[in-house]
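Q: Below is one structure. I have some questions about it.
The values are calculated or read from the model by the stated rules, or taken from the named source; none is laboratory data. Just so you know, these numbers come straight off a predicted model, no measurement behind them. Note that each Cβ is placed from the backbone with ideal geometry, even for glycine, and that neighbours are counted across all protein chains shown. Keep in mind that these areas ignore ligands, DNA and RNA; they rest on the heavy atoms of the full protein, side chains included. Shrake-Rupley method; radii C 1.70, N 1.55, O 1.52, S 1.80 Å.
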Amino acid sequence: MTTAHHLRLIDGMCTGDFPQERTPSVSGVSGPGYHTAFLRTGHEPWDDDEQAGPEHRAQCLAEHDALLTLLTARWGEPQLMSLWSAQERMLAGEVIPDPWADPVAGCEFVRLWQVEGRWVAIGLILEESGPGCELTVLVTIVDPP
């Protein structure tokens with residue numbers, strides 16, 4: 001996917017209605033009060049090509065940076081929200097409700113904007129060891145944890 005495609009997807013998520021029940025979408029999952037899209041997943045088949053993994057990670061990071069640059073130009077500087085305390089609460093047994101459970105479980109932090117009554121969060125999940133990289137976006141009316 002291209003950055004232009006990502007922007008069109010985010011625009012649709014910002015203006016689209018939310019379903020009454022959790023349901024899969026073409027790009028992710030939607031539910032009451034939220035849309036989630038997986039812009040780039042970390043589960044690409046590498047085959048036997050040792051270069052594919054690092055190239056995937058580099059491309060994912062480049063897409064993340066380009067998207068942040070364009071959204072910052074559009075909406076201003078995002079908040080950098082650490083998810084550390086929510087992760088600690090989750091590990092202690094607290095249930096983090098949808099739609100924030102997945103970002104809390106996978107991201108150290110998100111870039112966050114509030115746009116016309118909706119939160120827009122961009123998350124990046126990097127494998128500690130290995131080339132894995134995931135880029136996700138969450139649009140929600142549910143306040144962050």
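Q: Pull up all non-local amide H partners of C107: gap of 5 or more, or a different chain, and H-to-H distance under 5 Å with H placed in the peptide plane.
A: Amide H neighbours of C107: none.
Q: Let me ask something else. With +1 on each Lys and Arg Cβ and -1 on each Asp and Glu Cβ, how big is the dipole of the chain about its Cα centre, in debye rounded to the nearest 20?
A: Charge dipole of the chain: 620 debye, to the nearest 20.
Q: Further question: For S30, list long-range residues whose amide hydrogen, built 1.01 Å from N in the peptide plane, is under 5 Å from its own amide hydrogen.
A: T23, S25, T36
Q: Could you give the accessible area per residue of the chain, probe 1.4 Å, as a whole number in Å²?
A: Numbers: 8180 Å² over 145 residues.
Ligands and nucleic acids excluded, the figure is 56 Å² per residue.
Q: Taking Rg/Rh (Cα atoms, Kirkwood Rh) as the quantity of interest, determine which of (i) 0.93; (ii) 0.96; (iii) 1.09 was computed from the displayed structure.
A: (ii)
Q: Could you give me the ³J(HN,Hα) list for the stretch 64-78, computed from phi with Karplus coefficients 6.51, -1.76, 1.60 and θ = phi - 60°, whole Hz, x at Gly and Pro?
A: 4, 5, 5, 5, 4, 4, 5, 5, 5, 5, 7, 10, x, 4, x
Q: Tally up the carbon and sulfur contribution to the accessible surface of the chain as a whole percent, 1.4 Å probe, everything protein left in place. Before the final figure, lay out each step's value.
A: Details: 4300 of 8180 Å².
Ligands and nucleic acids excluded, carbon and sulfur give 53 percent.
Q: Report relative contact order for the chain in percent, whole number only (criteria: Cα-Cα under 8 Å, sequence separation at least 6).
A: It comes to 28 percent, rounded to a whole number.
Q: Taking θ = phi - 60°, what integer Hz values does the Karplus form 6.51 cos²θ - 1.76 cosθ + 1.60 yield along the stretch 29-38, in sequence order, with x for Gly and Pro?
A: Per-residue couplings from phi come out as 9, 10, x, x, x, 7, 10, 10, 10, 9 Hz.
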